[in-house]
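Structure first, then comments.
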Amino acid sequence: MGTRIANGLSVDVEEWFQVGAFEKVIAPAEWDGLESRVERNVLAILDMFAAAGVKGTFFTLGWVAARHPALVRRIAEAGHEIASHGWAHDRVFTLDPARFAADLARARDALEQAGGQAVTGYRAPSFSIDARTPWAHAVLAEQGYAYSSSVAPIVHDHYGWREAPRFAFRPLADAALLEIPVTTAEVAGRRMAAGGGGFFRLFPYALSAWAIRQVNADGRPAAFYFHPWEIDPDQPRRTDAPLRSRLRHYTNLSVMAGKLDRLVRDFAWDRMDAIAAREAARLDADARAGAGADAPSHGRIAA
Ligand SMILES: [Zn+2]
């Protein structure tokens, strides 16, 4: 099985404690005292990708790169893309333009020093570029980013930007910066995030495979993501987080690696920078053909 369209494969590289589920019970000041699991988990992912012969993008926190530079170098040397997930997982809508710019610069510096390759891609923590951050894409363009994959074009209890297009678009009229939203599925008129993470881990494999095939049937690449902690059933267990958060964080950790191994073999995958380059060429061709202006999935949105 499988398809000829290469889909975007990405890993958001962060520790098990750097997630929204624990933000109310674990303060950033405690992070350095907690057990680090990111190295062993990322090494397992590198083995999985190598065995399947696939390349992907590792959106890595600057905080992680500063503490594990050899790991970042190893990811890069295996042929994967090192991209930015910001410094310490501050969601973009909690920052202002100046603080966002500083966060980006600090993370990029750590990532480029560790990885030895230019960083041209960005993923906002928790897909936190939305209607509240109309300045965010402009800051990314100013810093020379080629693409962002930071928008969830849905409504979700933690995130979402309902009005955003489902597929790659140029959010700025005066810059080439591309935004590649996380993959969504449309079921009974409702749009849901179907690009990985909890959706992939909590629901049956067939549902994610169906969503990717639907996107590919439209001739578009899917944008899929997961986290290193999602393949780690032995991570420390916190009992002090809200029940809803614990259910989401801990369910199906033991089956995730097997599901991922199947996914990376069932579909064709590529780095997000390669997906971005192909989608940019497609948008340019559509614009030349005059077809882009009134196609809703290609339309620009007000910045
Ligand atoms: Zn993250």
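The values are calculated or read from the model by the stated rules, or taken from the named source; none is laboratory data. The model shown is predicted, which means the values in this text are computed figures rather than measured ones. A quick note on method: Cβ atoms are made from the backbone with ideal geometry, for glycine too, and the neighbour counts reach across all protein chains shown.
Looking at the structure I just gave you, is Glu77 more than 23 Å from Gly20 (Cα to Cα) and without any contact (Cβ under 8 Å) to a residue 24 or more places away in the chain? Taking the combined requirement at face value, the residue satisfies it. In the range 140-152, the qualifying residues are those that are surrounded by 24 or more Cβ atoms within 10 Å (Cβ to Cβ) and either touching a residue at least 40 places away in the same chain (Cβ under 8 Å) or not aliphatic (A, V, I, L, M) (or both), and the one that is farthest from Val187 (Cα to Cα) is Tyr147. Residue check: Ser36 meets all listed conditions (1) at pLDDT 95 or above; (2) surrounded by 16 or more Cβ atoms within 10 Å (Cβ to Cβ) but one, namely (2).
Here the strands (runs of 3 or more DSSP E) wholly within the range 1-86 that include at least 3 residues being within 13 Å of the ligand (Cβ to nearest atom) are 6-13, 57-60. Does Arg37 satisfy the condition of being farther than 20 Å from Gly115 by Cβ and basic (Lys, Arg)? For Arg37, the condition - farther than 20 Å from Gly115 by Cβ and basic (Lys, Arg) - is met.
From Trp31, Trp87, Trp16, grab the single residue that is under 26 Å from Thr251 (Cβ atoms) and in contact with a helix residue (DSSP H, G or I) (Cβ under 6 Å, 6 or more places away or on another chain). Going through Trp31, Trp87, Trp16 in turn, just one is under 26 Å from Thr251 (Cβ atoms) and in contact with a helix residue (DSSP H, G or I) (Cβ under 6 Å, 6 or more places away or on another chain): Trp16. Reported count of residues in the range 87-119, each being within 16 Å of the ligand (Cβ to nearest atom), small (Gly, Ala, Ser) and in a loop (DSSP other than H, G, I, E, B), is 1.
Kindly check whether there is at least one residue in the range 39-46 that is under 19 Å from Ala6 (Cα atoms) and basic (Lys, Arg). Checked against the condition, which is being under 19 Å from Ala6 (Cα atoms) and basic (Lys, Arg), the range 39-46 yields no hits at all. Look at the range 213-247 and say how many of its residues are within 16 Å of the ligand (Cβ to nearest atom) and under 30 Å from Arg4 (Cβ atoms). Adding up the residues that qualify gives 8. Filtered by the rule that a residue be at pLDDT 95 or above and either more than 22 Å from Gly219 (Cα to Cα) or in contact with a Leu (Cβ under 6 Å, 6 or more places away or on another chain) (or both), the range 147-169 gives Tyr147, Ser148, Ala168.
Every residue, every condition in (1) at pLDDT below 95; (2) of a type in the set (A, V, I, L, M), yes or no:
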residue: Val13; (1), (2): no, yes
residue: Phe22; (1), (2): yes, no
residue: Asn41; (1), (2): no, no
residue: Asp47; (1), (2): no, no
residue: Val54; (1), (2): no, yes
residue: Phe59; (1), (2): no, no
residue: Gly62; (1), (2): no, no
residue: Arg67; (1), (2): no, no
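Only residues that are crowded, with 20+ Cβ neighbours inside 10 Å and farther than 18 Å from Phe93 by Cα were counted across the range 167-183, and they come to 8.
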